[in-house]
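First the structure, in the form of C-alpha cells, and then the observations on it.
Readers should treat all values here as calculations from the given coordinates under stated rules, not as data from a laboratory. Quantities reported herein were computed from a predicted structural model and do not represent experimental measurements. Cβ placement follows ideal geometry from the backbone for every residue including glycine, while neighbour counts extend to all protein chains displayed.
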Amino acid sequence: MLTELRNKAQITIPKEIVTSLGLSEGDKLDIFEKDGMICIMPVVVYPKDYVDTLHQEIKELKENIAKGKKPIFDSIDVLFDKLENNE
C-alpha cells in the first residue's frame, strides 16, 4: 500500500493494516531502520514496577530450584490456577 510522507515526517498507516493487527489509538509502535527498510512493530509496554516484580519472582524461583525446592502440581490446571491467582 502506498502512503505519503507529510509535514513533520508523519504518515498514515492504512486502515486495513490497523484493522488486521487489531491496533487502536494509544498503542505503542517501535519504528526502526533495517537494511534500508523502515520497520514498524507493535509493542507492549509494561510498568517498571511490574517488570521489577517479575524479575524478583524469577530470581526467587531460580534460587529455590538451585536449593532443590521444585514446585509440584497435580495437573496443568492447578499450575495455571496458581499462576493466574499469583499465589
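In plain terms, the residue of 34, 62 with the fewest other Cβ atoms within 10 Å comes first and the most crowded comes last, giving 34, 62.
For the chain, the longest principal axis of the alpha carbon atoms and the long axis of helix 76-85 meet at an angle near 70°.
Lys/Arg Cβ at +1, Asp/Glu Cβ at -1, dipole of segment 3-87 taken about the Cα centre: which of 41, 18, 76 is farthest positive-ward? Farthest along the dipole direction, towards plus: 41.
Once Rh for the chain is found with the Kirkwood sum over Cα pairs, what is the Stokes-Einstein diffusion coefficient at 20 °C and 1.002 mPa s, in µm²/s? Answer, rounded: 121 µm²/s. Among the lysines of segment 17-87, pairs that are 8 or more positions apart or on different chains and have alpha carbons within less than 25 Å of each other number 13.
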